[in-house]
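A quick write-up on the structure given underneath.
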Amino acid sequence: MTQKLVIIGAGMAAGRVLDHLTDAGGDWDITLFNAEPRGTYNRIMLSPVLSGEKTFDEIVTHDDAWYADKGVATKFGVKVTEIDSAAQIVRGDDGSETAYDKLVFATGSNPFIIPMPGHDLDGVVAYRDLEDTEAMMALTEGQKAVVIGGGLLGLEAAAGMAARGVDVTVVHLMGHLMERQLDEPAGYLLRKALVDKGITVKCSANSKQILGENGKVKALQLDDGTELPCDLLCMAVGIRPSIALAQENGLAVGRGIHVDDQMRTSVENIYAVGECVEHNGDIFGLVAPLFDQAKVLAKVLQGEEAEFVNREVSTKLKVTGCDLFSAGDFADGDDREDIVFRDPARGVYKRLVLKEDKIIGAVMYGDTADGNWFYGMIKDGTDVSEMRDTLIFGPAYQGGTAEDPLSAVAALPDDAEICGCNGVCKGDIVKAINAGATDLGAIKATTKASASCGTCSGLVEQVLAVTLGDDFVMPTAEPMCGCTDLTHEDVRLLIKSKELKSMPAVMQELGWKTSCGCHVCRPALNYYLLADWPEDYIDDPQSRFINERKHANIQKDGTYSVVPRMFGGMTTPDELRAIADAADKYNVPTVHVTGGQRIDLLGVKGEDLPAIWKDLNDAGMVSGHAYAKGLRTVKTCVGKDHCRFGTQDSTGLGIKLEKALWGSWTPHKVKLAVSGCPRNCAEATCKDIGVVCVDSGYQIGVAGAAGMDVKETERLADVATEQEVMDLATAFMQIYRENAKYLDRPYKWVAKVGLDWVKEQIVDNVEERNALIERFKISQKIYQKDPWAEEAADKADQYEPIANLVLEAAE
Amino acid sequence: MSTWTDIGPLDAVRRRGARIIKAPGQDLAVFRTIDDQVFALVNACPYRQGPLSEGIVHGTLVTDPLYNWVISLETGEAQGADEGRVDTFPVKVEGGRILLDTSSIYQRQAA
Ligand code: SRM
Ligand SMILES: Cc1cc2nc3c(=O)[nH]c(=O)nc-3n(C[C@H](O)[C@H](O)[C@H](O)COP(=O)(O)OP(=O)(O)OC[C@H]3O[C@@H](n4cnc5c(N)ncnc54)[C@H](O)[C@@H]3O)c2cc1C
Ligand code: SF4
Ligand code: FES
């Protein structure tokens, strides 16, 4: 028997119900109402229509021919205003009455309009349907638009209009964009991307009223009085399920129309589907669950068994040109923990929310490739405890048969030394844990383990894990220090994005918990600021470790060592004589040939520093920065001038490199070497940057190490000319300077960002390479100065005692 | 009885910095905080005698330049897990000059 089916609303959910019903070939007499004067189209594709990438026709999913073919009677442009559920009749605003056996609400949502003065002016639109989109498309180049709302829809509207040359300002109430999905640093990334598109973004901005002229919008006024002139105002501040009709007609509603697992409402023969429903307390805003509902409803209408289960949804969201992915649940909670990965340089941010060893939410910005993998694990409720440490890096880092590192630590005896620097044994750490220490910070504070070089922190954490068992959660992002909860990466990112150019600005804007920082954060901040704003920031010697403040290495007895630069490891008899004279004159107890091809004068008294520097300066020598997080040495071999195997002028190239790079400050020290042939006598293959000359040119390696870790360099590029070596080495220095965490040597930093990324930036992308070189040069204009000469000239008094009470006592 | 001795102008010490005072027996260090408070301590960390005058000053604390002990400028006490104390001396600023109470210094010397 043919049944009469009436559907209210021809949105995406209704469209899908119809697809299923007509496919199933049931015997239905269907009437479809839609307040919009058209049938179903792909609403989520309105943004490409707005930006001009697609036409509206391309996003229509059900056209007139389709309805005719399937025998669906359409009442488009007709709004249903009343339902008589006893008589089973619906009335439309065209005065029509239509009888039903089954009735489906698919009324979707209404955009929320803030009822502020002026909201009903002409030119105030939402972003929901084709009419809104067309209003925005009618703007011409150079006209002004204001968008209220920095969530997904608002930003899509803004990006779409900006793509048409409209001058767009986004006004957002919260401190950063998309605050529900992104935290502050990531919100800044997004903001930056939008600003790059020419969009003005105002956060923490509260709208007061919309000003009009002749009934038409003229400007938005903020509550601080600012007026933002506009020809159109788009309000994209959220949606509300469209429930008025249901409520007026006696259906049970909460935030949405209440439905059970079969999409049945509280009234017999009436169903609801889509964004208008509330199911088990959930309401909906994305299409995936709506499509599930549509499938269930179609089955239920056909008399089949089906039930709707709300699953986790994921979305790959695209704010034109910015990759975002989000899935699951992100709310904070005591029972949840975050794993966060950021790569400021690439503008990548990833966050996983874990609960009881399962991922319950994932947000990604910039690189969303692994989104589906995480989504799969959310859906499946996969236990991730085994891969927790590498989880955030994605599937590429999983697999293999990783043995349990904890069992080895568990087996260690109590007197096994865990921290070599501070002589702390496993037993000491266990004792501290039993006395209440539950994390690395507390262990550091109570036992000193991991408080020095830090290489043992992994072991300390494993002892924590073994001892505390499930109570221990491996820390993820460690804050910079006790003065802030932000990580180094966060801080670097915020310094750039918020344009913070002084230490007080950083501490104020980022909410430092101490008045003037501490010995951990201040040197790092000083570095970040001078590296990011060489021309604006003034170096702060009081925020540097003593070695960099006094331009010499402090010794255990409080004396200093002095190492003049010997470019490329080359020296002259005159220089050697001057060094010898200085050693005599200042009673230097020890003269040592360093591992860096130069000479170290050890045991110089602090007060003598300016004088010995002056003598060395007079002989033409400058500071070797043997104390600096900066360029140390460029070791070379004798090369083709002398050696029978030499292929290129390794010594000459080393000198050129050192002359170009000396004086620059870096996140950690940087050492180079140039060898004349693959026999590699200058040990170039374990340097931060190492060049090996070959017949055809130069092999440039980076990210080597030979200190606490030993690691061979990785090949950055093979090039033919010295100039290319200079360019790539300079660009590498600068990209490292701009991006690495303070105290990460290049090999540690490259391990985080990946050599491929570095190559993309400086080898493949010539423009970026040149820009980096340019920025390095700007910095060198300010920082390539011999600090010895400067200090000896006008700060020498600081090296003297302020007073001498010994003399006084004698008097 | 206090013996206030003029050590030098306040401006001779950088904010968040220190200068050494040569004194009988042991060097002292006079510190100046960011808000112009001054403190005088023996210039040696209780742990391996690192010269505190060369440390980073933060708040009313100084960090030992050799081994990162953090010492209170007010009390001379080591902070955190470390145990130890540095002698402190009364010091004040008057008319832009730093005045140190040297009585206890000479007493120490005499003792
Ligand atoms: C003077 C010198 C030893 C020598 O007499 O040969 C030396 C001396 C010190 N090194 Fe070094 N290193 C010296 C070459 C090296 C080398 C070899 C090289 O440069 O070819 C290495 C291994 C290569 C490398 O850096 O990868 C080396 C790896 C280290 C490390 C470990 C770095 C790492 O990232 O793993 C440290 C610790 C640190 O920097 O945090 C260190 C730290 C130190 C310090 C600064 C320790 C300190 O903070 O007080 C030493 C200062 C001694 C002093 O009192 O003056 N030194 N150090 C060498 C100076 C070279 C120069 O001319 O500038
Ligand atoms: C610009 C934009 C971009 C989006 N991007 C995404 C995205 O990337 N991913 C994603 O998952 N989701 C996205 N969405 C959300 C998605 O479009 C909605 O979840 C989905 O369209 C909701 O479908 P629905 O059928 O429930 O409601 P709708 O599609 O809103 O349809 C409801 C229809 O019912 C009609 N109606 C209401 N009341 C009556 C009445 N009384 N009588 C007659 N007709 C009535 C309305 O006119 C409307 O046409 C986006 C939305 C917009 C606006
Ligand atoms: S690097 Fe050499 S000089 Fe320095 S602390 Fe280690 S062993 Fe001593
Ligand atoms: S081994 Fe523990 S801090 Fe160096």
The stretch A:545-576, subset more than 13 Å from ligand 1 (Cβ to nearest atom) and at pLDDT 95 or above, residue nearest to residue A:738 (Cα to Cα) | A:570
Wholly within the stretch A:1-101, helices (runs of 4 or more DSSP H) carrying at least 3 residues that are closer than 29 Å to residue A:248 by Cβ and touching a residue at least 60 places away in the same chain (Cβ under 8 Å) = A:12-24
Residue A:55 meets each of (1) within 9 Å of ligand 2 (Cβ to nearest atom); (2) surrounded by fewer than 17 Cβ atoms within 10 Å (Cβ to Cβ) with one exception, condition (1)
Could you tell me which numbered condition residue A:88 fails, if it satisfies all but one of (1) at positive phi; (2) within 50 Å of the chain's Cα centre (by Cα)?
-> (2)
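Is it fair to say residue B:21 is under 24 Å from residue B:2 (Cβ atoms), assigned to a strand (DSSP E or B) and in contact (Cβ under 8 Å) with a residue 12 or more places away in the chain?
Values: under 24 Å from residue B:2 (Cβ atoms): yes; assigned to a strand (DSSP E or B): yes; in contact (Cβ under 8 Å) with a residue 12 or more places away in the chain: yes.
Criteria met by residue B:21.
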Hey, any hits in the stretch B:14-25 for a residue that's within 11 Å of chain A (Cβ to nearest Cβ), touching a His at 6+ places or on another chain (Cβ under 6 Å) and of a type in the set (Val, Ile, Thr)?
-> no
Criterion violated by residue B:53 - all others in (1) surrounded by fewer than 18 Cβ atoms within 10 Å (Cβ to Cβ); (2) more than 30 Å from residue A:443 (Cβ to Cβ); (3) more than 8 Å from every other protein chain (Cβ to nearest Cβ) satisfied | (1)
Tabulated pairs, the stretch A:408-425, first outside the structural domain of residue A:708 (by TED's automatic domain parsing) and of a type in the set (S, T, N, Q), second away from ligand 1 (no atom under 16 Å from the Cβ) and at pLDDT 75 or above, C-beta under 9 angstrom, 6+ apart or interchain | A:422/A:447; A:422/A:448; A:422/A:449
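Please enumerate the residues belonging to the stretch A:67-115 that are among the aromatic types (Phe, Trp, Tyr) and surrounded by fewer than 18 Cβ atoms within 10 Å (Cβ to Cβ).
A:76, A:112
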Sort out which residues of the stretch A:691-708 are within 11 Å of ligand 1 (Cβ to nearest atom) and not in a loop (DSSP other than H, G, I, E, B), and write them in order of number.
-> A:705, A:706
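Okay, residues lined up against (1) over 25 Å from residue A:525 (Cα atoms); (2) assigned to a loop (DSSP other than H, G, I, E, B); (3) at the interface with chain A (Cβ under 7 Å from one of its Cβ atoms):
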residue: B:2; (1), (2), (3): yes, yes, no
residue: B:8; (1), (2), (3): yes, no, yes
residue: B:31; (1), (2), (3): no, no, no
residue: B:34; (1), (2), (3): no, yes, yes
residue: B:46; (1), (2), (3): yes, yes, no
residue: B:49; (1), (2), (3): yes, yes, no
residue: B:62; (1), (2), (3): no, no, no
Quick one: which helices (runs of 4 or more DSSP H) lie wholly within the stretch A:475-572 and hold at least 2 residues that are within 14 Å of chain B (Cβ to nearest Cβ) and touching a residue at least 40 places away in the same chain (Cβ under 8 Å)?
-> A:521-532, A:546-550
Looking at residue B:70, is it facing chain A (nearest Cβ under 7 Å) and within 19 Å of residue A:542 (Cβ to Cβ)?
-> no
If you take the residues of the stretch A:414-432 that are buried (at least 18 other Cβ atoms within 10 Å of the Cβ) and within 14 Å of chain B (Cβ to nearest Cβ), which of them is farthest from ligand 4 (Cβ to nearest atom)?
-> A:432
Just to be sure, is residue A:649 away from ligand 2 (no atom under 16 Å from the Cβ) and surrounded by fewer than 19 Cβ atoms within 10 Å (Cβ to Cβ)?
-> yes
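The values are calculated or read from the model by the stated rules, or taken from the named source; none is laboratory data. Note that the coordinates shown come from a computational prediction; the quantities given were computed from them, not determined experimentally. Every residue, glycine among them, receives a Cβ derived from its backbone with ideal geometry; neighbour counts consider all protein chains shown.
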